[in-house]
Amino acid sequence: MASIIVLMALVDADYWFRYVDVGCQGRISDGGVFKNTKLYKKLEEKSMKVPPPSILQVPYSFKVPYVIMADKAFALNEYTMKPFHGEPARGSQERIFNYRLSQARRVVENAFGILSSVFRVLRKPMLLEPKTATKIVLATIHLHNYLRKKPNTRSLYTPPGSLDSETNEELRPGTWRNESAPTSLLPIPSIPRRAGNHAQEIRTHLANHFVTNGEIPWQNRY
């Protein structure tokens, strides 16, 4: 019987994989996989040396912590922001928040897209033992980060047009999207969870910020 190996990754704004956990087996939820990582434990213990919460700008008084941008499969808490549930009404601050969150999360999607389009071993099932497959996946992550590190290798690895770009309201899809989705990537179920009050306050504050001081002109059209 084939084994499913999960790759859990944290990606920064420069398409670098900053944290990865490879090898968790079984089709459990993304949130369940996350809770079994060292990253989760350190965040819960507050031992990551994350900068303290701060005010976004004057005239706010509410302090916002640094957070991870996640999809609906994860739990909403003080260090993880996820979209509002359902399909919020057009023009509402909840819908605008979801759009702005998706803008940030597109970086993660592009990092995975480039990774699988270049290292094509990731595009189909590996007929290998789980331990060996895990080493191969980790090797591709290290190579990705190495090739993104210096300008000369970065321009070869991700030439202009290979990544999504957005100018005002126009989204230009990256060339990696021209390929069909890898058969080795399987959907992982989402398990809804009740969020704490403070986490909801943080998300509401950010949603309000995106329709006031942090507004971008074209967001109401999405």
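The values are calculated or read from the model by the stated rules, or taken from the named source; none is laboratory data. Please read all numbers here as calculations on a predicted model, not as lab measurements. Backbone-built Cβ (ideal geometry, glycine too); neighbour counts: all protein chains shown. Just so you know, the surface numbers come from the protein's heavy atoms only, side chains and all, with ligands and any DNA or RNA stripped out. Shrake-Rupley method; radii C 1.70, N 1.55, O 1.52, S 1.80 Å.
Taking the alpha-carbon distance from LYS41 and a cut-off under 16 Å, which aspartates and glutamates remain once sequence neighbours fewer than 8 residues away in the same chain are dropped?
ASP21, ASP30, GLU78
Can you give the angle from 0 to 90° between the axis of helix 130-149 and the longest principal axis of the chain, with both taken from C-alpha atoms, to the nearest 10?
The angle comes out at about 60 degrees.
Here is the link list: LYS42/LYS63; LYS42/LYS135; LYS46/LYS72; LYS49/LYS82; LYS72/LYS150. Which ones come out longer than 26 Å on Cα distance?
Values: LYS42/LYS63 21 Å; LYS42/LYS135 24 Å; LYS46/LYS72 23 Å; LYS49/LYS82 22 Å; LYS72/LYS150 34 Å.
Where the Cα-Cα span goes over 26 Å, the pairs concerned are LYS72/LYS150.
Which percent, to the nearest 5, of DSSP beta bridges fully inside the range 37-189 are antiparallel? Numbers along the way, then the final one.
Details: 6 of 8 bridges.
The antiparallel fraction comes to roughly 75 percent.
Given the range 114-185, what whole percent of its Cα pairs are spread farther than 21 Å? Write down the numbers at each step before the final one.
On the way: 951 of 2556 pairs.
Of all Cα-Cα distances in the range 114-185, 37 percent exceed 21 Å.
Could you state the angle between the C-alpha long axis of helix 93-118 and the longest principal axis of the C-alpha atoms of the chain, as a value from 0 to 90 degrees rounded to the nearest 10?
20 degrees
Accessible area per residue, 1.4 Å probe, Å², for the chain: what's the number? Before the final figure, lay out each step's value.
Working: 13590 Å² over 222 residues.
With the other protein chains kept in place, the chain gives 61 Å² per residue.
Using a ≥ b ≥ c from the Cα gyration tensor of the range 42-94 (square roots of the eigenvalues), is it rounded, prolate or oblate, where a/c under 1.5 gives rounded and otherwise the larger of a/b and b/c decides, a/b for prolate? Kindly include the intermediate steps, with their values, before the conclusion.
On the way: a/c = 3.82, a/b = 1.27, b/c = 3.00.
Note, shape of the range 42-94 comes out oblate.
Express the carbon and sulfur contribution to the solvent-accessible surface of the chain as a percent, rounded to the nearest whole number, probe 1.4 angstrom.
Values: 7720 of 13590 Å².
Carbon and sulfur together cover 57 percent of it.
Shape of the range 73-135 from its Cα gyration tensor (a ≥ b ≥ c, root eigenvalues): rounded if a/c is under 1.5, otherwise prolate when a/b > b/c, or oblate?
prolate
Roughly what angle does helix 197-210 make with the longest principal axis of the chain, taking Cα atoms, 0 to 90 degrees, to the nearest 10?
Approximately 80 degrees, to the nearest 10.
The chain: percent of C-alpha pairs farther apart than 22 Å? Kindly include the intermediate steps, with their values, before the conclusion.
Numbers: 14262 of 24531 pairs.
Beyond 22 Å sits 58 percent of the P(r) for the chain.
Per-residue ellipticity at 222 nm for the chain, helices alone: DSSP H runs ≥ 4 residues times -39500 (n - 2.57), over residue total, nearest 500 deg cm²/dmol? Write out the running numbers ahead of the final one.
On the way: 6 runs with 80 residues, N = 222.
Here the helix-only value at 222 nm equals -11500 deg cm²/dmol.
Starting from the Cα of THR212, move 7 Å in the Cα-to-Cβ direction to define the label point; list residues of the range 50-71 whose amide nitrogen is under 11 Å from there.
57-62
Which FRET efficiency value, to the nearest 0.05, is calculated for GLN57 and LEU127 with the Förster distance at 41 angstrom and r the Cβ-Cβ distance? Spell out each step's value before the answer.
Working: r = 54 Å, r/R0 = 1.31.
FRET efficiency, GLN57 to LEU127: 0.15.
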